[in-house]
Amino acid sequence: MYTQSAIKIFDKVQATIRKLKQRRFSPSGSIQWVKLGGSYKIKAWYSGNYPAEYSNLNTIYVCDVCFSYFSHGPSQLRHMTKCPYWFAPPGDEVYRDKMNGISVFEVFGEVDPMYCSNLCRLSMLWLENKVVYIDVEPFVFYVLTSFSNGCFRPLGYFSKQKDFLTNNLCCFCVFPCYQSRGYGTFMIDFSYMLSRLAGVPSGPERPFSAHGSYVYRKYWCDKLIHLIYTKVLKTGWDNLHLRIEDLVKETGIQEVEVIEAITDLCSYEWASNKKTLTVHITSEAIMEIGKYIHQKNNESF
């Protein structure tokens, strides 16, 4: 016999599973398209979590600056002529790259909850496991922008819990119209820069999706190879001495993830000239791949 308490727990778990299944790839009768600002119409990958009166729309209209949402295009366009954030996101600009025309704004959920909640709602249309969109107060959001036409236009964001230093990223999203331009890697790199500034090695919140696992393992391997490459250029192979704790300190990557990356280096997948190679890491391979990564790091987005 099951206790009444056990039955209640089982029912609660089943209800949660049903909700998650309902969110997976948008079925007919839910939002199919997003009109983001005046320029982009983007396919929704998941059903999202907009209020009921919006959930049956074929297309939802979203301000590409403050992420307020509307059921009709004219309402969206009227709002955009007087949007309070037409020039820049709320919060402070904490990073600027003049050469590439990008900036990062730090926005606290407890200070600008509506902005952050609307941003989360939008990203749920493209993130399978994104669930937080109301309780945004414990989080800080880093909004990546591009400066164009006299204003800072959001491209994507990542979020992290304010007071949880061992996780430097909870989720991130590059809006589909801006993907494949290096912005995702930039945001991961930025999250580790924050870790190094705080002096606390940290990493992303787990568990990973399959894609997230690939992206991060690739990033960790790239960082270690580039670090070894730059050290070899200074000292030569004969004078190179590496310790795990030194790699942790210089990259901001947690020890367990440094070890994972070192293990992955035994069969490192490297894409060059549109070919994917699996190489067993040797000193020659590190120098070749390190040089390639160094050149890529110096390229514009």
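Just so you know, all these numbers are worked out from the coordinates, no wet-lab data involved. Fair warning: this is a prediction, and the values are worked out from it, not measured in the lab. FYI the Cβ positions are ideal-geometry reconstructions off the backbone, even for glycines, and counts take in every protein chain you see.
Ordering C63, C151 by the number of other Cβ atoms within 10 Å of each residue's own Cβ, fewest first, gives C151, C63.
Near E110, once Lys and Arg are set to +1 and Asp and Glu to -1 for all other residues with Cβ below 11 Å from its Cβ, the sum equals -2. Projecting label points 7 angstrom from Cα along Cα→Cβ for Y40 and S71 puts them 2.6 nm apart. Straight-distance candidates among the aspartates and glutamates for linking to K291, with alpha-carbon spacing under 16 Å and chain neighbours fewer than 8 residues away dropped: D222, E269, E299. The Cβ shell under 12 Å around G290 holds other residues with a net charge of +1, Lys and Arg each +1, Asp and Glu each -1.
Want the number for R181 to E245: 0.36 nm per residue separation, take away the alpha-carbon distance, what's left?
19.8 nm
Above 23 angstrom, tally the Cα pairs of region 23-204 and express them as a % of all pairs, no decimals. Counting pairs separated by more than 23 Å, the tail of P(r) holds 39 percent. Other residues within the sphere of radius under 15 Å centred on the Cβ of P84, judged by their own Cβ, net out at 0 (K and R +1, D and E -1).
Size descriptors for region 118-275 (Cα atoms only): Rg and Dmax, in that order, 17.2, 55 Å.
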